[in-house]
Structure formats: C-alpha cells, structure tokens
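Notes to accompany the following structure.
Only the coordinates and a few stated rules stand behind these numbers; no lab work does. The model shown is predicted, which means the values in this text are computed figures rather than measured ones. Every residue, glycine among them, receives a Cβ derived from its backbone with ideal geometry; neighbour counts consider all protein chains shown.
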Amino acid sequence: MPLLTVFFAHVLLNQYFRHVPGWLQHFLAPIQSVYVAIALLKLLTHLLLLYLLAVYATGASKLNHRGLWLVMALLLPLFQTAGYNLQMGIIDHATTYAAFYALPMALLLLLLLPFYRAAQHGVWRPLRWVELIALIGLTMVVAFNGSVVLGAVAVLLPGIVLYALRRQAQVDKTFLWSSWQPILLLSLLGLLCVYSLYIGLNNSENPTVLPSLWERYQRLPLGFFRQFTVKLGLPLLLVMLLLNAQLIRRVLPATSEGQHLLRSLRWLALFALVYILLLPLGGYRPYRPLLLRRDTVLPIILGMVCLYGASSYYVWRYLPMGRLRVGYIVLLGVFSAIFLNADRLHISPVDNNNCEQQALSYLAHAPAGVVQLPQACPVLSWNVATDPAQTTVQAQLLNLWGITRGLTGYYQQPPDPTQQLLPTPPN
C-alpha cells in the first residue's frame, strides 16, 4: 500500500503533469513545456517556502513590510541549487522530491501559522467558518502528504501541547481553553497523522530486509558527521546562529523578543535531537543507509534557516549605530556572498538533462511501437530502461503530452558502469 501515506503528493503530481504541460503548449513546444512545467512547480514551492519562513521570522505577512523583504533577501542565498545542495538543499533537483518533501513542509508551515501567531500574541484569533474549513482540509492534505511531515508533527505536536499547558499554568489560565478551534485542529492533525503512520507500516515499498534497530541507531553518529562535514554550508549556518545568540545575550539590551529568540534556539536544538533519534524507527532506506540526509532532516534545516533570518533581523534592528553595527552588516554580506558563490550554477554532464532531452527528441521523430534509444541516460525514470515493458507508463505520458505520435515504448543499452545514476524515488 504505497500510496495512502503520500496520497496528496501523488494526486498533485498526477494532475499537475496531466494538465500544465498541455496549457504551456499554447506558447511552447511539447518537450519544452515539460521542463518549464517542472521549473514552475519547483519555483512556486521555492517562493512559498521563502515567504512563509520570512513570515515566521518577522511576524509580518503583508508584502509592503520592509522587514519581510529584508529577511527574504537574507534567506534567499540559503536555498542552494548547486553548491551546498547535497548537504542542505531545500528544493531538490528531482521534481518528485520537491513534491514529497519541500512542498509538504511548506503546507505544514502554513497550517501551523495560526498557532504560531497565537503563541506570539498570547491569544487565539477566532477563525471564520471559511478559514476553519480551509484549515481542516489543509490538515487532511498535510497528514497524507509524505513521511517527512509525519516525523515533524510527531515532535512538534507534543511540544505545542506542552507549551500550551505551561502557558496556562504560569501566565494565562484560559490560554488553552479560550477557543475550541485550536483543540479541534490539533486533535484532528494528531489523529490523522497517527492513522497515516499506521498505514505506512503496511507500505509495500518498505524494505523487507533491513538492519536491526540497534544497528540503525549505531549508524546515526556517522550519518550526522558526514551530513555536517561534507560541505561548509551547515557549519557556517550554525556558526551564524551561535554568533547571533551571543550578540542577543551579551551585547543587545534585554527584551522579550530577544528572550523569545534565545528560547527558540534552545527549542530547535531539542527538536533536532528528538527528531534525529526518531529517524531509525522509519527513516531507513537502502539508498540512504546512514539515515541522515538533506531530505530526511529537512525540518531541521528549515528551522535553522528560519531562526537565522529571525535572529539576524533582530540583531540588525537593535545593534546601535557604530563600528559594531557596520561590521555586523558586512559580516551578513560576506556570509551571503559565500553561499551565492558556492551556488554558481555548474551542472555536470551526468546531472544535466541534455541527454534526456535528446532522447525525447529522438522519440518524437520515431514511429509508434518500440524503439531502441541511442542515449544511455535515465528518461522519465530513475534508471535506464533495458526492457520495453518498463516504459509502458512513460509511453502513455509522452503520448498525452503530444511528444510522440502514438504509444512508443523504448529500451536502452545498459549505461557505462562509471555513470552516476539517480537515487531511488521517495516513498
């Protein structure tokens, strides 16, 4: 049963690629329309995440707020396409990964935004019926939209409840029970995620042979070390977070906002620890034997990026005029420049899609039936197709897009053994 836990991600991809390339063909050639559709999906996911992270960092949502644009400018270099992508890439090169990881996390951030605002202002803003129904629908979408969301919710939801209970006991006796709406939404989210996790236990794509639980936990330290040291991106981001924390604690005047940021950093560290400790329970796949990878730890990466934006924006505003402020602004510029320089787009022949486009062009001029492709690169798949029976769905899709003139299956010679193949698809 591979579909239900990621049902809405599959629905999105299915409907999007059934319709959007066709719409784009009013302006573009069929092959071009497919690649532009892919770029649009990832670009929209990118923009939604960038905006939501800036909203969380500043508390502002209107586009005429200058702070919102400043934080988005600070965060933009961290969305790595090339340089540090393998370590901390938020939008993956593969469209399926973007739909299974980045987009569900964006939807989760959107769902939790009213709760974040309630924690900020100390009161839940009552939702109109239209808003409540929309959030209930979004809750259903989030719960059945991928495993990374389930892991994040498994850690976040108890934290939200504990925060509400603590707030009720120490500050506001009515904070938790001031409205039935947050209780309904959180309860529904929890129940649906538990059900989704239960369904995931029967996933037909789960590995049948896997290391023991203790062996999986033993792999975590090496996975953490490799993930953290393979590139400079995450260490640099951590250094900036720690620097901002020291400036807030020791240099800037004490404010409730500053204390909130310091608490948030501690909560993020606790979230990361608990989340990583949960990974061996369901995060193992043969293609990620060390469990920690940019996709599985995406919630932690997003938390670090968001708090970098929030803490940098706070320090920017409260540092007094003088050499220290100028030096800090220069440091932010250097930090951003390092990421921008690392992200200079350089795609190797193995990773670009030139070979795939040539194969699609070859199929576009081929007769219906079965043809052998001269190109030995993956075409609409993770690996090369050595049997025409493996390309039945691809043939239907190419015909739907108008690239081929009928159902045209294909097969290829096995690739050069030194050629790097793409990873197994997410599930």
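Please arrange D295, D387 by how many other C-beta atoms lie within 10 Å of their C-beta, fewest to most.
D387, D295
Multiply the residue gap between I133 and R266 by 0.36 nm, knock off their C-alpha separation, and tell me the result in nm, one decimal place.
44.5 nm
Let's test the formula: R0 of 41 Å, r as the Cβ-Cβ distance of R125 and L278. What FRET efficiency results, to the nearest 0.05?
FRET efficiency, R125 to L278: 0.80.
7 Å from Cα along Cα→Cβ at both S179 and H19: what's the point-to-point distance in nm?
It is 3.1 nm.
Over all pairs of distinct alpha carbons, what does the Kirkwood formula give as the hydrodynamic radius of the range 12-99, in Å?
In the range 12-99 this quantity evaluates to 14.6 Å.
Among 394-400, 225-231, what's the highest-first ranking by average C-beta atoms within 10 angstrom per residue?
Listed from highest to lowest mean packing, they are 394-400, 225-231.
How high is the FRET efficiency between V230 and V334 when r is their beta carbon distance and R₀ equals 22 Å, given to the nearest 0.05?
Efficiency for this residue pair is about 0.50.
Name all residues of the range 70-84 having a backbone nitrogen under 20 Å from the label point set 7 Å from the Cα of N341 along its Cα→Cβ direction, giving them as ranges.
74-84
From the P(r) of the range 257-380, can you give the percent of Cα pairs sitting at distances over 17 Å?
Result for the distance tail: 75 percent.
Thinking of the range 192-295 as a set of Cα atoms, what percent of all their pairs are more than 24 Å apart?
43 percent
Hey, for a label at R325 modelled as a point 7 Å past Cα toward Cβ, could you say which residues of the range 39-67 have their backbone N under 20 Å away?
66-67
Can you name the helices of the chain, as whole DSSP H runs, whose Cα span along the helix axis is 24 Å or more and whose Kyte-Doolittle mean is not below -0.5?
7-24, 30-58, 103-121, 147-170, 180-200, 256-278, 298-318, 323-342
Name the residues whose placed amide hydrogens come within less than 5 Å of the amide hydrogen of V371, ignoring near sequence neighbours (fewer than 5 apart) on the same chain.
Residues meeting the amide H criterion: G409, Y410, Y411.
Suppose each label sits 7 Å from its Cα in the direction of the beta carbon; what would the L162-V11 distance come out to in nanometres?
About 3.4 nm separates the two model spin labels.
What 222 nm value per residue comes from the helices of the chain, counting each DSSP H run with n ≥ 4 as -39,500 (n - 2.57) and dividing by all residues, nearest 500 deg cm²/dmol?
Theoretical 222 nm ellipticity from helices: -20000 deg cm²/dmol.
Using 0.36 nm per residue, how much length does the chain from Q357 to L40 gain when fully extended, once their Cα-Cα distance is taken away?
Contour length minus Cα-Cα distance gives 112.3 nm.
Suppose the chain between L28 and Y287 were pulled fully straight at 0.36 nm per residue; how much longer would it get relative to their current alpha carbon spacing?
89.6 nm
Sort by residue number and report every cysteine in the chain with no other cysteine beta carbon within a distance under 4.7 Å.
C193, C306
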